[in-house]
Amino acid sequence: MSEPAYVQIAGEIAREIRSGVRPVRSQLPSYSELAKQHSVSDIVIRRAMELLLRQGLVYTVERRGTFVASRPTLRRVSPERQMEDPEVTYSNEAADKEEIRIDRETSIVPADSELAEIFGIEIGNDIEHQIVMASDRGRAASISDSYLLPGTDVGRAEVLEETLADRPPVPAHAEWLEVPTGELVKTVHQRFLLANGRVLMVSDVSYPNNRYDSFVFRMVLDHND
């Protein structure tokens, strides 16, 4: 099912804000101008702005308009942190390490057609499914779904690809993050690969949209340290 128009528009503007295309304190076009640009009604734009306001990405000034908010407290999701155990990552970020909790669930599931194609196996073959849920001071910090062939050493990965999007999370992630229906979160799709392109693991991670500032990247993983 495709996303509603207001969610798509909010996600597009969110990406422009996070990438710097729309600088801090710059003014957004009026609702009518945005409606014309996207070929939608003013009501659709109003709903998109409501999403952006709830995420703290914009603010309004009476009789002046809508502006890009400053986000000085956000931290960048650096490439290096993706190879850390979540206990290390969140302990480094937290003021009180005792407030961090990591829950894991691991199971063996049959590969569907998409996973079979990714890993080059037959549909129905065994795939390891890992779910990692992190909370910080009792609040959900992230949730991830990872898939890999049983026995795979992901530490062998030589290339990490990530693609970031602002979109509504899948139902299980929405439940963990306690996100209302239609709310945007930061979703990250990861692929851990060998240099020859063989996929070792794929992961989909969801964060509250106000926790991090990050972007699409591709990096070669250095194993010489």
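The values are calculated or read from the model by the stated rules, or taken from the named source; none is laboratory data. Bear in mind that the values here come from a model prediction, so they are computed numbers and not experimental data. Positions of Cβ are generated from backbone atoms using ideal geometry, with glycine treated the same way; all protein chains shown enter the neighbour counts. Ligands, DNA and RNA are stripped out before the accessible areas are found, and what is left, the full protein with its side chains, is counted by its heavy atoms. Shrake-Rupley method; radii C 1.70, N 1.55, O 1.52, S 1.80 Å.
Quick rundown of the values:
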quantity	calculated
Counted residues, the range 110-153 - those being within 12 Å of VAL202 (Cβ to Cβ) and of a type outside the set (A, V, I, L, M, F, W, C)	10
Count of residues meeting criterion [open to solvent by 40 Å² or more (accessible area, probe 1.4 Å) and not in a helix (DSSP H, G or I)] in the range 17-39	9
Residues located in the range 47-63, provided they are open to solvent by 50 Å² or more (accessible area, probe 1.4 Å) and without any contact (Cβ under 8 Å) to a residue 40 or more places away in the chain	GLU50, LEU53, TYR59, THR60, GLU62, ARG63
Meets criteria (touching a Phe, Trp or Tyr at 6+ places or on another chain (Cβ under 7 Å) and part of a loop (DSSP other than H, G, I, E, B)) for ARG63	no
Residue check for GLY182: at positive phi and at pLDDT below 80	yes
